[in-house]
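Every number in this text was worked out from the coordinates using simple rules, so none of it is lab data. Remember, it's a predicted structure, so these values are computed and weren't measured experimentally. Cβ: placed from backbone, ideal geometry, glycine included. Neighbour counts: every protein chain shown.
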Amino acid sequence: MTESSSAPTAVLTESESGPPDPTLGIEARPDVHKVGMACFLASEAAFFSTLIMAYVIYLRHGSHGPTPDQVFSLPMVLGNTACLIFSSFTLHWAEKAHHSGKTNVFRVLWAATIVLGTLFLVGTGIEWRGLIRDHGLTIGVNMFGSTYYTLVGFHAFHVTLGVIALAAVLWLSVRGELRGKSPMPVTLVGWYWHFVDVVWVIVFLVVYVVGR
Amino acid sequence: MLALLAAASQPENLSILSPASPSAESIKGLLILVCAITGGILVLVEGILIYALVRSRRRAGRDDAEPPQVYGSKPIEIAWTVAPGIVVFVLVLLVGRVLWEVRPDADKPPPGAKPLYVTVVGHQWWWEYRYDSYDGRELGITTANELHIPVSEPGKPPRPVYLNLQSADVCHSFWVPRLGGKTDLLPGRANTMWLQADQTGLFLGQCAEYCGTQHANMLLRVVVESPEEFERYLAEEAKPAIDPTEKTALADKNTFRSLSCVNCHTIRDKQDTRVNGTFGPDLTHLMARKTIASGMVENTPENLRKWVLSPNSIKPGCLMSGFELNEREMNSVIGYLKSLK
Amino acid sequence: MATAEIEPAATATPSPPPWTATLHEWLVTVDHKKIGVLYVLMAVFFLLIGGAAALLMRIQLWAPQLTFLPPITFNQFFTLHGTTMVFFVGMPVLIGIANYAIPLMIGARDMAFPRMNAFGFWTTFFGAVLVYFSFLVPGGPPAIGWFAYAPLTENSFARGPGVDCWALGLIVSGIGTTTGAMNFIATILCMRCPGMTLRKVPFFVWVMFWTSLQIVVVMPPLTAALTMLEFDRQLGAHFFDTQAGGSAYLWQHLFWFFGHPEVYILVLPAFGMISEVVPVFSRKVLFGYEFMAAATAAIVVISLGVWAHHMFSVGMSRTLDLFFVAATMLVSIPTGIKLFNWLATVYGGKLVLKSPMLFALGFLSMFVIGGLTGVILACAPIDFQVTDTYFVVGHFHWVLIGGTLFGVFSAIHYWYPKVTGRMLSERLARWQFWLFIIGFIVTFAPMHIAGILGMPRRIYTYGSDRPWEIWNQIATIGALIQAPSYLIFAYNLVVSLWKGDVAGDDPWDAWTLEWATTSPPPPYNFAVIPTVKSRRPLWDLKHPDDPDWKYE
Ligand code: HEA
Ligand code: HEA
Ligand code: CUA
Ligand SMILES: [Cu+2]
């Protein structure tokens, strides 16, 4: 092996001075933030899949204590679900509004999303209070309690984070720091929110429809 | 040669290469076959590596030019994808056959067989055995730490043993290497396992799933007996504990019953069932066992005394507490235990 | 050379910064190179700690019925040893090396998310601290084994907070690892220099991409399982509480769904490192890049579906057993492809037997043995006999050391000159290599025999009637032969910092972009972002008459 100096560097940088060879076929690189968010959501999906699987496996495991068909009141949950699903629409419309430069419409719709998310959280709180007070369902009472509170609780935790993120974006918008047609914060928080919604739809189907 | 054979059938032998049951036998066969195949692959790969090294080492000093750059070759790649593929295919078929051989259905013993069904419960760190039925006879005998099973003699009806494996606390695993592979005992889940011994004698093994402090001393002893001896064993074990009539013996018994031993141990008695704890091993026929503390030490009066005084000095961390008995009490307790023939 | 001349003059004028300033700089750094070095230093530190625990265990097993370590201590030690080696040695060292090398290899100035990168390192580090904090809590460290089978981890069997330290530590460090993986994916997808299409990345980069995908998919399920465990212990849930309907069986599935891919996470980056070293030191291009690339993807995908080969003795149905047998064995096909391609790369080359290549050859000759014992284990009926014995211990050390560690040592010897500007001492490296490989074989070969003779793993002692003593003694001697090799390595790393020969930018006459910048590289890596045409840009430069891009 020859004792080589820093010659290659020189050559390499020199060749840079000219315009890049057009035949190189430079790919368009995806945006880092989008890739990062996609990875994050993938890991979240893996996390929730595990919790959902545990829920399904433990369905009707261990006999004593309240069971799903005794405790769930569908109207409440349906209202909650409607809030969350609708919030995905308001979010989508908000993004569109921003894209076409209607900043005020954007802010109103965005705020509506926050309100709907908050309603969902309040609804969940009320539901949990009912479950604990009226049905004695706690995390330690039986397998149903353990899996239910873990799954729904982690989802609610994600909704909470989502609401905070939404609020932060609104704050940026009010301060006029969102530039461009589709600013990155809007897109990324939007992805996250849609994701949390989709997770809820699955949780809803598993817990309140199939699992009953 | 004979000496080797003799050594192989010693109880100290736990080698999976000295099988004493049909399942251990077929696993040994598979192991040797697979070792031959993988050994062949190993020789091939290391051979190519050494050859390539020698060749390229020789070139090294020649001149400064780089060797020819070879970027790859599709036919070669396909060859070394397909060849291992074939090996894998053959291996899976072989494995499939042996798998069905060593895991037969427990509820379908071969025709004409005289099956023994035993429930095995793993405890931290000892074994509970409940003889459920033998050749269609209900048994209902409980004992601990020494499993007796009948041998399957060639030319006679097979006497398969089906173990129903359960656990009282954490995961354990039942493994007597010369009698076959292991199966785990999981709490909340019943497993079954097939044992069948071709030879009489003592077969050792030990718990093979980490189960806490004394996992290392959760030893297994399986005694394989002739069908006649096994019948005698069952008859003995089925009896209740001897009821002492002699005065001192009666006093010993009462001393024992006044202690907290009864909370954890069972001694099946004719009249009453006050000694019916289930946390520790059944002591009804304690003296029928060669060892105590699941095979750790010999069952001698001195060891019993040491054990009752301080189980932790024999088996550190074990779940029986020590008893600071005075000399008289201790003598009584040991005297009573010795009477549990 | 030039730097050596101006050094005296340079030291005369500005006084060196106070050590506190240097320390501060390292603690708050977001430079991928410094973070990479931190990861590696952490791993080397824990390698010595974990190795010391192993050494103590080996002494305890020297003869039957020794009382050198109390039973609980022994059980705590193998738990810590396994946890440390997997999570605080293996993962950090691989992530650290990749952290250092990848931006340089793809011609980028840093990772995609530098601050998240620093976050990843510090969470990993604090996870380790949390696990070791268990030494200070009542009851001491957990004694549950590295896969922590339920319900031994539940409150009823493990009362002290040791298990909580362990679980929380792994959750925290797991989050760090996952963010690290996301960072690699984003970096590799988005930060490649012009001309470097995904088909032209150096092979190590390709492998890290797939490993990172693997991490993103399998690490969160472990986090979820550990969270359930903590809910059981802290909030009274019952996921793995078998007395209240929880399932010991589910824990095993959840753990191994992570645990099996984890072992490939531990070996794939080493495959990548070998794929950089072997070509350079054989003076030949990597043989069959495309097939190697496809094999990597195949390993990642297949290994998601083989986990239950760790559970053959758990009493699954025969059909399920056979499915996992077949899936497990399938992995040997792509692994074989890799091995054969490395051999083909060596074949017809011109061997340069410097230390990186020595370790790479150690890898090539040893990994295959561990892989083949893996295939033996994958035969379910054989596994019924040898699972949870020292045969398994032999297998996994053979792949973890013969694979991962040899690869890592090769990589560290390869990139050290780039990182420090100095060469490691060849003489010390040779001592290390020979002590290491001999000690390794002497330690772990007898374990296979002990396993076949019926010795279960995780036993703190054995009876004098057991025929295992001699094999244990050989193994312990082997560990004692190995031990100095690790110390020599650590010594070499430190001393060569100022005693080593000045390396120059490209001491190995190599072909990937990291050798195009200075050693050590400036904070921004490249003054001008390079443009490449092939997988070996420096080859193209050095051989303008016969460049690679004509053939790719
Ligand atoms: C670096 C980590 C690593 C790697 C790469 C591997 C690779 C493999 N492992 Fe291993 N394994 C572990 C780490 C690893 N393992 C660990 C840590 C454990 C134990 C965990 C614990 O219990 O604590 C374990 C346990 C383990 C078990 C469970 C044992 C038990 O507990 O009962 C099994 C069973 O199937 C297994 C199989 C395999 C197989 C088939 C491979 C294959 O990937 C190997 C493939 C490679 C080759 C086969 C060689 C090269 C190929 C050729 C030359 C081609 C031709 C070959 C053929 C056609 C056969 N491993
Ligand atoms: C990368 C992973 C890795 C590595 C490198 C090693 C390295 C070693 N391992 Fe380990 N091992 C595992 C991963 C690893 N192991 C895992 C996952 C388990 C399973 C755990 C479980 O069952 O839960 C295990 C289990 C395990 C066991 C089984 C324990 C049991 O079942 O009872 C044994 C027994 O001999 C062992 C031995 C060794 C030895 C002798 C080394 C040697 O190679 C170590 C050599 C290193 C040294 C000797 C250090 C040298 C340094 C000094 C002496 C100086 C010390 C100075 C300071 C601290 C400042 N290991
Ligand atoms: Cu019981 Cu190990
Ligand atoms: Cu595996």
- Among A:Trp200, A:Phe86, A:Ala111, the residue whose Cα sits farthest towards the positive end of the charge dipole of segment A:79-212, when +1 is placed on the Cβ of each Lys and Arg and -1 on the Cβ of each Asp and Glu, is A:Ala111
- Given Cα pairs under 8 Å that are at least 6 residues apart, what percent is the relative contact order of chain C? 16 percent
- Query: Can you give the average number of partner chain beta-carbon atoms within 10 Å of each beta-carbon in peptide B:84-90, as a whole number?
  - Reply: 5
- Item | Cα centroid separation, segment A:75-129 to segment C:418-432 (Å) | 61 Å
- Query: In a GNM of chain B with a 10 Å cut-off on Cα contacts, which of B:Thr213, B:Thr119, B:Thr200 has the highest mean-square fluctuation?
  - Reply: B:Thr213
- Rounded to whole Hz, the Karplus (6.51, -1.76, 1.60) HN-Hα couplings of segment B:161-166, x for glycine and proline: 10, 10, 9, 9, 9, 9
- Message: About the Cα centre, and with charges only on the beta carbon of Lys, Arg (+1) and Asp, Glu (-1), how big is the dipole of the protein assembly as shown? Nearest 20 debye, please.
- Response: 580 debye
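In deg cm²/dmol, rounded to 500, what helix-only [θ] at 222 nm does chain A give when every DSSP H run of at least 4 residues adds -39500 (n - 2.57) and the total is split over its residues? Before the final figure, lay out the partial values.
Working: 7 runs with 153 residues, N = 212.
Calculated from helices alone, the mean residue ellipticity at 222 nm is -25000 deg cm²/dmol.
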- Expressed as a whole number of Å, what is the distance separating the alpha-carbon centroids of segment C:20-86 and segment C:292-308? 29 Å
- Message: Report the Cα centroid-to-centroid distance between segment B:31-93 and segment C:455-534 in angstrom, as an integer.
- Response: 26 Å
- Equivalent ellipsoid semi-axes for segment B:247-338, as square roots of 5 times the alpha carbon gyration tensor eigenvalues: give them largest first, rounded to whole Å. 19, 15, 13
- Note on the structure: Karplus-derived 3J(HN,Hα) from phi for segment B:70-81 (6.51 cos²θ - 1.76 cosθ + 1.60, θ = phi - 60°), whole Hz, x at Gly and Pro, runs 10, 8, x, 7, 4, x, 5, 4, 5, 4, 7, 8
- Calculated from DSSP H runs of 4 or more alone, at -39500 (n - 2.57) each and per residue, what is the 222 nm mean residue ellipticity of chain B, nearest 500? -12500 deg cm²/dmol
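With charges only on Cβ, +1 for K and R and -1 for D and E, what is the dipole size of segment B:247-338 about its Cα centre, in debye, rounded to 20?
Details: 13 positive and 9 negative charges, 44 e Å.
Its charge dipole is roughly 220 debye.
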- segment A:79-212, relative contact order [Cα under 8 Å, separation at least 6], %: 29 percent
- Task: Mind checking which of B:Ser133, B:Thr119, B:His215 is farthest towards the positive end of segment B:116-237's charge dipole, using Cβ charges of +1 (Lys, Arg) and -1 (Asp, Glu) about the Cα centre?
- Result: B:His215
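Quick one: work out the % antiparallel among DSSP beta bridges in segment B:116-237, nearest 5.
70 percent
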- Query: What is the helix-to-structure angle for C:91-105, meaning the angle in degrees between its Cα long axis and the longest Cα principal axis of chain C, kept from 0 to 90 and rounded to the nearest 10?
  - Reply: 20 degrees
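Over segment B:116-237, what is the mean sequence separation of C-alpha contacts under 8 Å (at least six apart), divided by residue count, expressed as relative contact order in percent?
The normalised contact order for segment B:116-237 reaches 28 percent.
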- One would report the antiparallel percent of DSSP beta bridges in the protein assembly as shown, rounded to the nearest 5, as 75 percent
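With runs of 4+ DSSP H residues as the only contributors, calculate the mean residue ellipticity of chain C at 222 nm using -39,500 (n - 2.57) per run, divided by the residue total and rounded to the nearest 500. Mind dumping the intermediate values first?
Details: 18 runs with 352 residues, N = 552.
Calculated from helices alone, the mean residue ellipticity at 222 nm is -22000 deg cm²/dmol.
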- Message: Using amide H atoms built in the peptide plane, which far-off residues or other-chain residues are under 5 Å from B:Leu165 H to H?
- Response: B:Val120, B:Asn191, B:Thr192, B:Met193
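Most exposed first by the Cβ proxy, i.e. fewest other Cβ within 10 Å, how do C:Val301, A:Val71, B:Val176, B:Val333 rank? Present the calculation step by step, with values, prior to reporting the outcome.
Working: C:Val301 14, A:Val71 19, B:Val176 25, B:Val333 22.
Taking fewest neighbouring Cβ atoms as first place, the list is C:Val301, A:Val71, B:Val333, B:Val176.
Can you tell me the FRET efficiency between B:Ala79 and B:Tyr51 if r is taken as the Cβ-Cβ distance and R0 is 25 Å, rounded to the nearest 0.05?
Working: r = 18 Å, r/R0 = 0.70.
E between B:Ala79 and B:Tyr51, to the nearest 0.05, is 0.90.
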- DSSP bridge orientation in chain B - percent antiparallel, rounded to nearest 5: 75 percent
- Message: How tilted is helix C:114-133 with respect to the longest principal axis of chain C? Cα atoms for both, answer in degrees (0 to 90, nearest 10).
- Response: 30 degrees
- Item | Proximal charge balance of C:Phe78 [Cβ under 12 Å; K/R count +1, D/E count -1] | +3
- Query: So for C:Phe239, C:Phe126, C:Phe74, fewest C-beta neighbours within 10 Å to most, what's the order?
  - Reply: C:Phe126, C:Phe74, C:Phe239
- Just add up the charged neighbours of B:Trp100: K/R +1, D/E -1, any other residue whose Cβ is under 12 Å from the Cβ of B:Trp100. 0
- Message: With angles folded into 0 to 90 degrees, how steeply does helix B:227-238 sit against the dominant principal axis of chain B? Use alpha carbons for both and round to 10.
- Response: 50 degrees
- In nm, spacing of pseudo-spin labels at B:Ile32 and C:Asp465 (7 Å Cα→C-beta vector): 2.8 nm
- Query: Karplus couplings for segment A:37-44 from phi (6.51 cos²θ - 1.76 cosθ + 1.60, θ = phi - 60°), rounded to Hz, Gly and Pro as x?
  - Reply: 5, 4, 4, 4, 5, 4, 5, 5
- Item | Computed magnitude of the charge dipole of segment B:116-237 (debye, nearest 20; Cβ of K, R +1, Cβ of D, E -1) | 340 debye
